[in-house]
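The values are calculated or read from the model by the stated rules, or taken from the named source; none is laboratory data. Treat the numbers as computed from the prediction; the structure is a model and nothing was measured. Methodologically, a virtual Cβ is constructed for each residue, glycine included, from the backbone with ideal geometry; neighbour enumeration extends over all protein chains shown. Quick note on the areas: whole protein, heavy atoms, side chains included, nothing else; ligands and nucleic acids left out. Shrake-Rupley method; radii C 1.70, N 1.55, O 1.52, S 1.80 Å.
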Amino acid sequence: MSQDLNNKEQEKNLDKNFKLMAMSAVVLLILFIYTIYKSSSHIQGSSYYIGIIFLFILLFLSLLLKVKQDKVRAFFNKNKKHTSAFDTELIKSKVKIANDDLNSNVQAVTSNITFKDVAGIKEIKEELEEVVDFLNNPSKYLQYGIKLPKGVLLVGPPGVGKTLIARAVAGEADVPFFYQSGASFVHIYVGMGAKKVRELFAKAKQSAPAIIFIDEIDAVGKARSGKSNDERESTLNELLTQMDGFDGDSGVIVIAATNKIEVLDDALLRAGRFDRRVHVGLPNIEDRKKILELYLDGKNHEINIEKLTNETAGFSSAALATLINEALLNMIKNNKKILDNDDIQIAKNKLEFGKKQIKILDAKQKEILSIYQASKAFISKTKVALFDESVQKLNSTYPSYQELVENIKRDLAGFIGVEVIKKEKYAINHEDLESASKTANEIVNKYKMANSIDELLTNVKNELRAELSHNAEQINRLKDIMLKNEVITLEDI
């Protein structure tokens, strides 16, 4: 009905325009002829005759258009219809693209976990509290032009609680939590992963303030080779684009977790993307005590928590949770009402033989590892924990020969320290040996600062033997601190 009224209105306007055009031509023609008649004695040029010819042409066109008005009207209606249809489809397609991203299956969850439910991460809590505060009170920061980092990267071995920490941040801030694993972005069909990234960020922006958590981001964020354009790389490119596409004041924060930071693409780690890194290590003795107290809270038990804390060196928070759970299962299996040490021992044996990744250390092994880490702490003069896999290195843009040699010393200090104190060589951490060899190779072959890799490594080992032998008492003192606290701080050194 509305469409018919519009068409009739357009036809009336077209008729009216034809009539006005014809009347204008006739009036002008009459005036022109009258002027020529009255002033014929003054006409000397041809401009008057050109003008009257033009008016006759105009009059002829108006009469022709009037006769052919049905065809003209049909022509304009046809073009208008096509143009209107094209504009409509264009608008529909744009709206559809936006709606497709928003109408995805990506759903937020509300986290009921807070920092009080996560034990033993005091330093990490302090670092993430400003993220929570920003999500709760953005105006406090925005009035000074402060923008929070767009991305926080949690780095640490499996089972240390990276996902739990992210959920705790969302719970503390009381904001929607969007969880995705890196592997879920990788599809067989090219473009599907990138589409899922767009959907995730579109939903998060719609729900802002919000947290996006990408677990095991190394599955999609590995360094690009530049030799192919496969699905994983197109997905990574879309992730990089999306992280550039929102501001620090948008209320959306991306938290990601990985235990393989060395394989991540450099573009992910640059400022403006994942520009804050939080290292989550295996819990030390104090952390384990708090974790065990949390898991045993409300349980009827006769467990000596202090003793169990010392016996679970090398356990991650997930392993401790599994230990208590297995012990409780054994208690129920034996129709007991109280959890005791026998249940713990049976559970520990299951973990020891069933999960080789858990380092269950006896007293002798723990002493060897303590000497190893104490020697590294003494040489590097940095904080070192019992289960740290590496020590802080000198990182200079243009390293000197002495700086490179110092990094080799920090890698080899543990091996030489154990050899000096225990009078025997032990196989402990092969990655430190590989790192030392790699640095020595760069000094010799890349920078041409020495002639022989073997000679360079031998000289460094001899220097370390002399220095650590001379300070054996200090190494033993630091070893005792490590055995007690499972961490050596700068104050201890």
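Summary of computed values
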quantity	calculated
Solvent accessible area, Å² - Tyr426, 1.4 Å probe, full protein context	60
Per DSSP, loop chymotrypsin sites (Phe, Trp or Tyr not before Pro) in region 143-219 with at most 13 further Cβ within 10 Å	Tyr144, Tyr189
Relative counts (whole %) of C-alpha pair distances in region 102-154, using bins that are 5 Å wide	4, 13, 18, 21, 18, 15, 8, 2
Scaled radius of gyration (Cα, divided by 2.2 N^0.38 Å) that region 101-223 gives	1.11
Within-9-Å neighbourhood charge of Arg273 [Cβ basis; K, R +1; D, E -1]	0
List Ser139, Ser370, ordered by accessible area with a 1.4 Å probe, largest first	Ser139, Ser370
Built amide H within the under 5 Å cut-off of Ser181, gap 5+	Asp215
When each of Lys393/Lys422; Lys125/Lys461; Lys348/Lys376; Lys422/Lys448; Lys122/Lys484; Lys122/Lys260 is checked by Cα-Cα distance, pairs over 28 Å	Lys125/Lys461; Lys348/Lys376; Lys422/Lys448
Cα convex hull of region 130-185 - mean projected area over all directions, nm²	4.8
For Pro399, net neighbour charge (Lys/Arg +1, Asp/Glu -1) across residues whose Cβ lies under 15 Å away	+2
Separation in nanometres of the label points that stand 7 Å from Cα toward Cβ, at Asn259 and Asp133	3.3
5 angstrom amide H check on Arg277, placed H, neighbours 5+ away	Leu153
Separation in nanometres of the label points that stand 7 Å from Cα toward Cβ, at Ala223 and Asn335	6.2
Sites Asp454 and Ser396 - FRET efficiency at Förster radius 25 Å, r taken between beta-carbons, to 0.05	0.50
For region 382-429 versus region 117-171, the gap between their alpha-carbon centres in whole angstrom	31
Those trypsin sites (Lys or Arg not before Pro) in region 420-493 that DSSP places in a loop and that have at most 10 other beta carbons within 10 Å	Lys423, Lys425, Lys448
Apportionment of accessible area to carbon and sulfur, region 314-407, percent (1.4 Å)	51
Whole-Å distance, taken between Cα centres, linking region 453-485 and region 261-277	34
Gained length - Lys307 relative to Glu424, 0.36 nm times residue gap less alpha-carbon distance	39.1 nm
Counted charge near Ala450, where neighbours are those whose Cβ lies closer than 15 Å (Asp, Glu -1; Lys, Arg +1)	-1
Cα shape, region 348-493, gyration tensor, a/c 1.5 rule	prolate
